[in-house]
Ligand code: G1P
């Protein structure tokens, strides 16, 4: 079964990044010079998925504009042809079809995914949360796809997030299947540490069978009063096998200012143009 579509939920208000998010969608805030959401789009493109549905909210139209194909005109930056970064963006526009659907009410991540269900119909699909940036030997989505092709069941990216952070995550109740592959028996959104069934938190990459859309259509508000994707996953385990993969890679939560700063430093240090100067500067601080 080929995965042809990925959903990027990007309808949140971005209150952690106020005042910038008064006019700039959080997903377009650059990590150094590249908007956070572009990392998600590039990861999706790198695994050969051609359709991307971005779930946005009113006032965030610039996200789609950002990815639109540029028309060469006059002496605009795109027609000068000497900016590799713009060429990269043009490549995205040529390779993937990006659409948006509106989430008109902020009812949670599960609701955001359900908003895109018309576009999915009865195929398996991927979900990529742009707040989770994962750098590893292989894209996290590719790691999931490799397992999906064996089991043809829904599969979630997880990592050991430690008990002190557990209540920020969807947490799975796992049994080990093989190496880093786990079977999900249950899942709880943002549990209190003493209620967490494990220290495996879900980290923003998912592949779902269409069964999740049915579970979401029946979902009721859960943690923090929102329709939670994790609750629908827990429900799905009663009908189908659901797996999780302990992802090989370093994850950054760029949904918080500190997480974004850490990601920027790490990306900066590895860059040829600024890496050396940046690490010298940090050493001297
Ligand atoms: C969301 C999901 C949660 C997941 C987390 C990963 O939570 O609801 O299950 O573990 O992303 O980043 P949020 O960070 O939006 O509160």
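The numbers here are math on the coordinates, done by the rules we state, and not lab data. A quick note: this is a predicted structure, and the numbers were derived from the prediction, not measured. Note: ideal-geometry Cβ built from the backbone for every residue, glycine included; neighbour counts use all protein chains shown.
Just a few scattered comments:
- Cα centroids of region 34-60 and region 174-219: 23 Å apart.
- Residues of region 1-17 with an amide N closer than 20 Å to a point placed 7 Å from the Cα of residue 224 along the Cα-to-Cβ direction: 8-17.
- Once C-alpha pairs closer than 8 Å and six or more residues apart are averaged by separation and normalised to the residue number of the chain, the relative contact order reads 21 percent.
- Over all directions, the projected convex hull of the C-alpha atoms in region 1-126 averages 8.7 nm² in area.
- Listed peptides 277-285, 208-216, 88-96, 254-262 by packing density, highest first (mean Cβ within 10 Å): 208-216, 254-262, 88-96, 277-285
- Values of log10 I(q)/I(0), in the order q = 0.18, 0.22, 0.24, 0.29 Å⁻¹, for region 135-197 under a Debye, Cα-only, solvent-free model: -0.73, -0.99, -1.09, -1.26
- Calculated P(r) of the chain - Cα pairs past 29 Å, %: 33
- Overall form of region 101-180 per C-alpha gyration tensor (a/c, 1.5; a/b vs b/c): oblate
- Computed lengthening from residue 274 to residue 86, 0.36 nm per intervening residue step minus Cα-Cα distance: 65.8 nm
- Rg/Rg_ref, region 3-57, where Rg_ref = 2.2 N^0.38 Å and atoms are Cα: 1.22
- Residue separation of residue 261 and residue 146 scaled by 0.36 nm, minus their Cα-Cα distance, works out to 38.3 nm of gained length.
- Cα Rg over Rh - region 210-254, Kirkwood: 1.07
- For a modelled paramagnetic label at residue 240, 7 Å from Cα along Cα-to-Cβ, the residues of region 94-128 in reach, with backbone nitrogen under 13 Å, are 121-127.
- Each Cα pair of region 181-252 feeds into the Kirkwood radius, which the Stokes-Einstein equation turns, at 10 °C and 1.306 mPa s, into a diffusion coefficient of 121 µm²/s.
- Mean ellipticity per residue at 222 nm, deg cm²/dmol - from DSSP H runs of n ≥ 4 across the chain, formula -39500 (n - 2.57): -9000 deg cm²/dmol
- Share, in percent, of DSSP beta bridges within the chain that are antiparallel, nearest 5: 60
- Computed from the C-beta positions of residue 119 and residue 20, the FRET efficiency with R₀ = 35 Å rounds to 0.70.
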